[in-house]
Amino acid sequence: MATQTKKENEKTLVELLAEVQAELKAPKTQRNTFAKFNYRSCEDVVEAVKPLLNSRGLILNLSDDMINIGDRYYLIAQASVQNKDGEIIISKGWAREALSQAGM
């Protein structure tokens with residue numbers, strides 16, 4: 001009989017993340033009074049997701065870096081989730097400041 005590296009009842013990292021996404025509730029409790037809209041901050045989402053990840057043995061790591069390309073500055077944000085077996089999923093996003101600041 002061949003040895004199995006995972007028990008049949010263990011879920012993959014993608015399956016666990018799908019569960020977390022389905023259960024995550026992070027309401028828009030912050031208010032931008034200048035532009036008159038509600039939003040959720042990164043901290044709001046992280047605090048809501050921590051117990052969901054912890055109960056599944058997952059670790060969240062967030063990082064960001066600023067780089068200069070030409071005359072523009074860019075923020076590169078990275079989020080990674082890792083399970084106890086070392087499997088990891090990484091996502092990156094880029095953002096830059098607006099060309100003009102409306103309302104300033």
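The values are calculated or read from the model by the stated rules, or taken from the named source; none is laboratory data. Because the structure is predicted, anything quoted here is derived from the model rather than measured. Neighbour counts run over all protein chains shown; Cβ positions are idealised from the backbone, glycine included. Accessible surface is based on the protein model in full, side chains and every heavy atom, while ligands, DNA and RNA are left aside. Shrake-Rupley method; radii C 1.70, N 1.55, O 1.52, S 1.80 Å.
Checked against the criteria, Ser55 counts as out of contact with any Asp or Glu (no Cβ under 8 Å at 6 or more places or on another chain), farther than 30 Å from Ser100 by Cβ and either at pLDDT below 95 or not basic (Lys, Arg) (or both).
Considering every residue within the stretch 45-55, establish whether at least one is touching a strand residue (DSSP E or B) at 6+ places or on another chain (Cβ under 9 Å) and not in a helix (DSSP H, G or I). No: zero hits. From the list Ala35, Ala22, the one residue that fits, being farther than 24 Å from Trp94 by Cβ and among the aliphatic types (A, V, I, L, M), is Ala22. Which of the residues belonging to the stretch 75-104 are of a type in the set (Gly, Ala, Ser) and either under 20 Å from the mean Cα position of the chain (by Cα) or in a strand (DSSP E or B) (or both)? The answer is Ala77, Ala79, Ser80, Gly86, Ser91, Gly93, Ala95. Residues in the stretch 15-56 that are under 14 Å from the mean Cα position of the chain (by Cα) and open to solvent by 90 Å² or more (accessible area, probe 1.4 Å): Gln21, Lys25, Arg40, Glu43, Glu47, Lys50. Does Asn61 satisfy the condition of being open to solvent by less than 100 Å² (accessible area, probe 1.4 Å), touching a Ser or Thr at 6+ places or on another chain (Cβ under 9 Å) and closer than 24 Å to Ala102 by Cβ? No; evaluated as a whole, the condition is false for this residue.
Pairing residues of the stretch 82-104 that are under 24 Å from Lys11 (Cα atoms) with residues that are open to solvent by 90 Å² or more (accessible area, probe 1.4 Å), at Cβ distances under 7 Å and at least 6 apart in sequence or on separate chains, gives Gln82/Ile59.
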